[in-house]
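Asker: My questions will all concern the structure given below.
The values are calculated or read from the model by the stated rules, or taken from the named source; none is laboratory data. Given the structure is predicted, the values throughout are model-derived calculations rather than measurements. With ideal geometry, Cβ positions are generated from the backbone for all residues, glycine too; neighbour counts draw on all protein chains shown. Only protein heavy atoms, including side chains, enter the accessible area calculation; ligands, DNA and RNA are left aside. Shrake-Rupley method; radii C 1.70, N 1.55, O 1.52, S 1.80 Å.
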Amino acid sequence: MNRSDKHKKIVSTLSAFHQKEKGEGRMDLDRSKGSTSLAGWFLGPLAENEDVLSRSVGRAVEAHCNARREYGAQFGDPAYVTPEIKKSDTYRETISALDTKLDDLLGALHGSIPLSSYRNQSHMYWDITMPGAIGYFAAMLYNQNNVAAEASPVTTLLEIEVGKDLARMLGYTVPADGDQTSTTPTPWAHITCDGSVANGESMWAARNLKYMPITLAEAIRNEPDLAAAKDVEVTLADGRSKKLLDLDCWELLNVAIDDVIALSPRMQSQFGVTPAAIAAALDKYSVQNLGLAEYQQRFISRDVQSLPVVLAPSTAHYSWPKSAALIGLGANQLWRIDVDLDGRMRMDRLREVLQDCLDKKRPVIEVVAVIGSTEESAVDPLADIVDLRDEFRKKGLEFSLHVDGAWGGYFASMLRDSKEPIDPKQGGALEQTPAMIMSDYVVRQYRAFQHADTQTVDPHKAGFIPYPAGALCYRNGAMRDMITFTAPVVYHGGVDPTVGVYGIEGSKPGAAAAGVYLSHAMIRPDKSGYGKLLGKCIFNSKRLYSELVTHDGADDIIKVVPFQRLPAQKAGEDAETVARQIKYIRDHFVKPQNDELVALFERDKDALKLFQELGSDQNIVTYAVNFKTKDGWNSDVALMNHLNTAIYQKLSISTFDGGVVPDKPMFVTSSAFDVPSYGQEFVDAYAARAGLKPTNGSSMSFLISTTQDPWVSATEDGNYIPKVVSSFVEVARVAAIEIMEKNGLVWE
């Protein structure tokens, strides 16, 4: 059986299995009815659901062992580990050693950060869902490799279903299996190890797509097997239709994205060109095979001498310059666009750069919008970027639009209606952390997701799934063919033969897909599930912000200065007005319990509006601490940086200490706003709010609290945030005194 026949057999088997399971309502996630109790979704901060997890893991082990026995019993296979072997000294010594080594490992793991604690406010992770953990564990025992369906017939199917679910969550329309009537491109998503790999894949695909019209034009001109397609027409970014062979180099670099994606299949279906002929042409003419340097030298005309660029905000993740280097573009060809004082991409700067690229005929491969920056939790103005792309398309400039929603993608579930009615009172009083919707500005950007060509989303971040589980989603699923080394082939029946030929990775765990699948089956990515869960996290983040911002130094030697500005500060109000707003927040948002806040919001829509606008665009609060001497607030950025570094060191673990359970009263992480990335104006604006002088090129250190805990304001004892923040303030105050003593400063 050749490889093609083997793939067809796998497709047939998976398709039949898929239809069978869908009829039983078990494998089609879109039909899944999720659960509603947060109390049943997690192990709990004090392991309250230990019995559930233990029972479920035990069932997974039992089912796996039964599968081994059932398979072997079909053929009468003999046992190897016999009762006699189990009685031997060497066997007993081996099992005893396993017990000892496991004890050592378990003891060491006690020194890990307690992710599920109310006091963990550090990185972009919290606890993992029980369904995610159980699904991962159950599939891990089978060690399926999703590089090929023949190595993972079940978990490949799970990955395909998860991909559809993620695409729906991110705003794309997924047609029903077998629906051949839709003219809208069918989206497609797959699991990657993380967001960095997903980002790299998007840039790789966008680069190959940018050059594909040149590749095929050269091949048609020079290869007899492709000559039949000499009259093929394409649509340019500005809407004009022309023959491919009549386009100049600049026009070839700006063919409409969907026309580029459809070009090779059209050559097959309309002009009779064979997939083998196209594959041979790609070997000889594609940038994928030749490399960017030779490709530029051979095929790019003198009137397009500028190297292509990728545009991203200065807040973009470190994976973006790495990706530019890996695809041969070069990290310097990733051009950073300035951000505003809220950490969002500046549209005026993006417009200037795009116009400059158009004027100088510099190809733009991709524009990246960050939806939830790592350090500011800022959401770029995606809707405005979409409008700007439409404007520049009319001028003849085309580029791929990517949403880096590694962090923020799952928050789209807050906008997706549930197929089942939602009872707002279900779950009891302790589950009634209100689910807070994002601000009007942020919601507008999420509504524009459907217009992005590719999107990164990390289930192992805001999806609460075990590592590794990132994902990349294509608006037009056929765009994935841009990164394969073969001609596009259309597989019918709704199931692909493999997910492994697409993407950067080779081997990858089927367990990751199983973890996401079971978690999504229980916690739907809509308002009833992840939307509710993340809405509660946003609510708690705003409560945390309210606590921090009211520590303004009015009666203390320290003050907390959030990077995220108050609404009064954004409006340019004077210091007195800002102080009144802080007092209102202290009186109305800090002191009440959750039920009192809900009652306030029901009777006072202005209070609700103010609360909704507090903090970051999502649920990460960035802040720094300054100190006051008898002469006033410290104005030296170096001393303030020392203070915040000292606080971070007191509230983090950087070295292994023998497996002792941590005794830190809170966990945070830290970073810095540096002038090369953010600009002097940006850094000085934040420094001024902290009471500092202009930094003259120095960076400004800060702390980060990520609130992924849906329960911290609704514990058995009520709102626990004041206790968490008081622990932080005490540590900060001690650190400030130590800094002042070390530098001979006197405080009041």
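Asker: Look through the range 443-456, keep the residues that are buried (at least 24 other Cβ atoms within 10 Å of the Cβ) and among the hydrophobic types (A, V, I, L, M, F, W, C), and return whichever of them is nearest to residue 172 (Cα to Cα).
Answerer: Once the filter is applied, the top-ranked residue is 449.
Asker: Go through (1) open to solvent by 10 Å² or more (accessible area, probe 1.4 Å); (2) of a type outside the set (A, V, I, L, M); (3) modelled with pLDDT under 95 and name the single condition residue 710 misses.
Answerer: All conditions are met except number (1).
Asker: Further question: Hey, can you tell me all the residues within the range 319-341 that are within 14 Å of residue 203 (Cα to Cα) and in contact (Cβ under 8 Å) with a residue 24 or more places away in the chain?
Answerer: Result: 319, 320, 322, 323, 324, 326, 327, 328, 329, 333, 334, 335.
Asker: So which residues in the range 584-607 are closer than 24 Å to residue 724 by Cβ, open to solvent by 60 Å² or more (accessible area, probe 1.4 Å) and of a type in the set (D, E, K, R), if there are any at all?
Answerer: 586, 591, 595, 596
Asker: Checking residue 51 against (1) at pLDDT 95 or above; (2) surrounded by 11 or more Cβ atoms within 10 Å (Cβ to Cβ), only one condition comes out false. Which one?
Answerer: (2)
Asker: Collect the residues in the range 558-583 that are open to solvent by less than 20 Å² (accessible area, probe 1.4 Å) and touching a strand residue (DSSP E or B) at 6+ places or on another chain (Cβ under 8 Å), keeping them in residue-number order.
Answerer: Result: 558, 560, 561, 562, 563, 564.
Asker: Taking the criterion of being closer than 30 Å to residue 459 by Cβ and open to solvent by less than 60 Å² (accessible area, probe 1.4 Å), would at least one residue in the range 691-702 satisfy it?
Answerer: Yes; the residues of the range 691-702 include at least one that is closer than 30 Å to residue 459 by Cβ and open to solvent by less than 60 Å² (accessible area, probe 1.4 Å).
Asker: Consider residue 654 carefully, then state whether it is surrounded by fewer than 16 Cβ atoms within 10 Å (Cβ to Cβ) and either acidic (Asp, Glu) or at pLDDT below 95 (or both).
Answerer: yes
Asker: Could you figure out which of (1) under 30 Å from residue 406 (Cα atoms); (2) part of a helix (DSSP H, G or I) isn't true of residue 311?
Answerer: Every condition holds for residue 311 apart from (2).
Condition check ((1) of a type in the set (Val, Ile, Thr); (2) closer than 24 Å to residue 31 by Cα; (3) touching a His at 6+ places or on another chain (Cβ under 8 Å)) across all residues:
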{"position": "73", "(1), (2), (3)": "no, no, no"}
{"position": "82", "(1), (2), (3)": "yes, no, no"}
{"position": "92", "(1), (2), (3)": "no, no, no"}
{"position": "127", "(1), (2), (3)": "no, no, no"}
{"position": "132", "(1), (2), (3)": "no, yes, no"}
{"position": "136", "(1), (2), (3)": "no, yes, no"}
{"position": "139", "(1), (2), (3)": "no, yes, no"}
{"position": "163", "(1), (2), (3)": "no, yes, yes"}
{"position": "168", "(1), (2), (3)": "no, yes, no"}
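Asker: Which of (1) in contact with a helix residue (DSSP H, G or I) (Cβ under 8 Å, 6 or more places away or on another chain); (2) at pLDDT 90 or above; (3) crowded, with 18+ Cβ neighbours inside 10 Å does residue 378 not meet, given it meets every other one?
Answerer: (1)
Asker: Right, something else. With 688, 714 as the choices, which residue is out of contact with any helix residue (DSSP H, G or I) (no Cβ under 9 Å at 6 or more places or on another chain) and aliphatic (A, V, I, L, M)?
Answerer: 688 is the lone residue from the list that is out of contact with any helix residue (DSSP H, G or I) (no Cβ under 9 Å at 6 or more places or on another chain) and aliphatic (A, V, I, L, M).
Asker: Would you confirm, using the coordinates I've provided, whether residue 344 is open to solvent by 30 Å² or more (accessible area, probe 1.4 Å) and modelled with pLDDT of 95 or more? Step through it out loud before you land on a result.
Answerer: Numbers: open to solvent by 30 Å² or more (accessible area, probe 1.4 Å): yes; modelled with pLDDT of 95 or more: yes.
Here the answer is yes, as residue 344 does meet what is asked.
Asker: On to the next question. Kindly indicate whether residue 37 is under 19 Å from residue 532 (Cα atoms), surrounded by 17 or more Cβ atoms within 10 Å (Cβ to Cβ) and either of a type in the set (Gly, Ala, Ser) or at pLDDT 80 or above (or both). Can you show your working first?
Answerer: Values: under 19 Å from residue 532 (Cα atoms): yes; surrounded by 17 or more Cβ atoms within 10 Å (Cβ to Cβ): no; either of a type in the set (Gly, Ala, Ser) or at pLDDT 80 or above (or both): yes.
Against the criterion (under 19 Å from residue 532 (Cα atoms), surrounded by 17 or more Cβ atoms within 10 Å (Cβ to Cβ) and either of a type in the set (Gly, Ala, Ser) or at pLDDT 80 or above (or both)), residue 37 does not qualify.
Asker: Output the residues belonging to the range 91-132 that are touching a helix residue (DSSP H, G or I) at 6+ places or on another chain (Cβ under 7 Å) and modelled with pLDDT of 95 or more.
Answerer: 91, 129, 130, 131, 132
Asker: Scan the range 536-549 and report the pairs whose first residue is closer than 13 Å to residue 728 by Cα and modelled with pLDDT of 95 or more and whose second residue is outside any helix (DSSP H, G or I) and hydroxyl-bearing (Ser, Thr, Tyr), with Cβ atoms within less than 7 Å and a gap of 6+ or a chain change.
Answerer: Going by the 7 Å Cβ cut-off, the qualifying pairs are 544/705; 544/707; 548/623.
Asker: List the helices (runs of 4 or more DSSP H) inside the range 203-296, counting only whole elements, that have at least 3 residues being open to solvent by less than 20 Å² (accessible area, probe 1.4 Å) and modelled with pLDDT of 95 or more. Spell out the reasoning first.
Answerer: Working: elements: 249-252, 257-271, 275-285, 287-290.
Hits in the range 203-296: 257-271.
Asker: Among the residues of the range 381-394, what is the count of those that are of a type in the set (A, V, I, L, M, F, W, C) and surrounded by fewer than 21 Cβ atoms within 10 Å (Cβ to Cβ)?
Answerer: Residues flagged as of a type in the set (A, V, I, L, M, F, W, C) and surrounded by fewer than 21 Cβ atoms within 10 Å (Cβ to Cβ) within the range 381-394 amount to 3.
Asker: State which residue pairs qualify: first residue closer than 19 Å to residue 200 by Cα and inside the range 505-519, second residue open to solvent by 10 Å² or more (accessible area, probe 1.4 Å) and assigned to a helix (DSSP H, G or I) in any location, beta carbons under 7 Å apart, and separation of 6 or more residues or different chains.
Answerer: 505/197
Asker: What helices (runs of 4 or more DSSP H) lie completely within the range 78-191 and have 1 or more residues being open to solvent by less than 50 Å² (accessible area, probe 1.4 Å), closer than 23 Å to residue 408 by Cα and of a type outside the set (A, V, I, L, M, F, W, C)?
Answerer: Passing ranges, in order: 130-140, 153-169.
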